[in-house]
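Student: Quick one: the structure is below, questions incoming.
The values are calculated or read from the model by the stated rules, or taken from the named source; none is laboratory data. The structure displayed is predicted, hence computed values, not measured ones. Positions of Cβ are generated from backbone atoms using ideal geometry, with glycine treated the same way; all protein chains shown enter the neighbour counts.
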Amino acid sequence: MAPYFNFEPPRYRTTLDVVLDETFPPVARCRLLSEGVKPYHRLALVEAEITGDKGCLACGNCVDSCPILRREPERLEKTEQRTSMALESIVGDDCEQCYACILGCPQVDTSLKDYVVDTRLPEVIAPSKTMTFLDKYLMAVVAIAIGVLLGLFLRT
Ligand code: SF4
Ligand code: SF4
């Protein structure tokens, strides 16, 4: 099955953008926009068919990756749960829209993560001034240095 949100048809992109625009933990809704457990999973389940299940695995990756909870670990004392629901209740409207929870969730499709990286992360990661400076001028300095060394070498 084709990913729901991957560029075509555009209405799914719009849905994802609405989710990403909101200042609220997005991981649960991104899970639901994904395809769920893939048919090639390796869980040895005899009686349960879990292909396509979009449920939270309670792995805690989203909780661990949230910068707000790393800065303010006392928020974690409000619950022992490590689920997307716990993330929503202890972060809520304070979400900084960094999208780390989406990227860390095993139940969110890779193509959705690609979309987030391609369209959203450049907006939240400020370019390093040092790297921008080096990008602009380092090669010129290196070229001059090589030229000088080459000139010295050829004179001898
Ligand atoms: S990881 Fe980022 S996007 Fe997710 S809830 Fe925390 S601040 Fe919001
Ligand atoms: S990262 Fe883990 S705990 Fe968080 S929503 Fe995804 S499956 Fe659930």
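Student: Can you tell me how many residues in the stretch 68-91 are within 8 Å of ligand 2 (Cβ to nearest atom) and either outside the structural domain of F24 (by TED's automatic domain parsing) or assigned to a loop (DSSP other than H, G, I, E, B) (or both)?
Tutor: Qualifying residue count, the stretch 68-91: 2.
Student: I'm trying to understand the selection: among the residues of the stretch 123-153, which are assigned to a helix (DSSP H, G or I) and among the β-branched types (V, I, T)?
Tutor: First, the residues of the stretch 123-153 that are assigned to a helix (DSSP H, G or I): 123-124, 129-153.
Matches in the stretch 123-153: V124, T130, T132, V141, V142, I144, I146, V148.
Student: Any idea how many residues of the stretch 92-111 are in a helix (DSSP H, G or I), away from ligand 2 (no atom under 12 Å from the Cβ) and in contact with a helix residue (DSSP H, G or I) (Cβ under 9 Å, 6 or more places away or on another chain)? Let's see the steps before the verdict.
Tutor: If we filter the stretch 92-111 for residues that are in a helix (DSSP H, G or I), which is where we start, we get 92-94, 100-104, 110-111.
Okay, now just the ones that are also away from ligand 2 (no atom under 12 Å from the Cβ), so 92-94, 110-111.
Adding the requirement that they be in contact with a helix residue (DSSP H, G or I) (Cβ under 9 Å, 6 or more places away or on another chain) leaves 94.
So the count comes out to 1.
Student: Which condition from (1) more than 10 Å from ligand 1 (Cβ to nearest atom); (2) more than 26 Å from K38 (Cβ to Cβ) is the one that I90 breaks?
Tutor: Of (1) more than 10 Å from ligand 1 (Cβ to nearest atom); (2) more than 26 Å from K38 (Cβ to Cβ), only one is false for I90: (1).
Student: Does any residue of the stretch 111-120 turn out to be in contact with a Pro (Cβ under 8 Å, 6 or more places away or on another chain) and surrounded by 12 or more Cβ atoms within 10 Å (Cβ to Cβ)?
Tutor: Scanning the stretch 111-120, I find at least one residue that is in contact with a Pro (Cβ under 8 Å, 6 or more places away or on another chain) and surrounded by 12 or more Cβ atoms within 10 Å (Cβ to Cβ), so the answer is yes.
Student: Would you mind stating whether N6 is within 12 Å of ligand 1 (Cβ to nearest atom) and either at pLDDT 95 or above or out of contact with any Lys or Arg (no Cβ under 6 Å at 6 or more places or on another chain) (or both)?
Tutor: no
Student: Let me ask something additional. Exactly one of (1) surrounded by fewer than 12 Cβ atoms within 10 Å (Cβ to Cβ); (2) hydrophobic (A, V, I, L, M, F, W, C); (3) within 15 Å of ligand 1 (Cβ to nearest atom) is unmet by F133. Its number?
Tutor: It is condition (3) that F133 fails.
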